[in-house]
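Engineer: Questions regarding the structure given below will be posed in turn.
Quick note: the coordinates plus some simple rules give every number you see, no bench work behind them. Owing to the predicted nature of the structure, the values given are computational and were not obtained by experimental measurement. Every residue, glycine as well, gets a Cβ built from its backbone with ideal geometry; the counts of neighbours run over all protein chains shown.
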Amino acid sequence: MITVKIYATLREGRQKIYELSSAEFSSAGDIMSYLNIPAGEVAILLINGFHSKDGDAVRDGDTVSLFPPCAGG
């Protein structure tokens, strides 16, 4: 299983955490497409806590975290 954690505004209309079959997804981009999250809406993508790109591979046991752009002060 791959655990996917979605943060802030990316959660709108989505669950906070997904458990997805590792057999169905080979990259973080595959997961984003499945969840209907455009790459342009993701500012930070982490795989197991490390900054990653949407083309990076995902494997069984991985945790993928998706964050939108943030503003603040």
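Engineer: Among residues other than residue 19 whose Cβ falls under 13 Å from its Cβ, what is the net charge (Lys/Arg +1, Asp/Glu -1)?
Structural biologist: Combined, the nearby Lys, Arg, Asp and Glu give -1.
Engineer: Please report the antiparallel percentage of the DSSP beta bridges confined to the chain, to the nearest 5.
Structural biologist: Around 75 percent of the beta bridges assigned by DSSP in the chain are antiparallel ones.
Engineer: May I pose another question? Of the residues 13, 49, 61, which exhibits the maximal mean-square fluctuation in a Gaussian network model of the chain defined by a 10 Å Cα contact cut-off?
Structural biologist: 13
Engineer: Non-local amide H neighbours of residue 7 (under 5 Å, H modeled in plane, Pro and chain starts lacking H): which ones?
Structural biologist: Answer set, sorted by chain and number: 66.
Engineer: Rounded to the nearest 500, what is the chain's calculated 222 nm mean residue ellipticity when only DSSP H runs of at least 4 contribute -39500 (n - 2.57) each, over all residues?
Structural biologist: The helix-only estimate for the chain comes to -2500 deg cm²/dmol at 222 nm.
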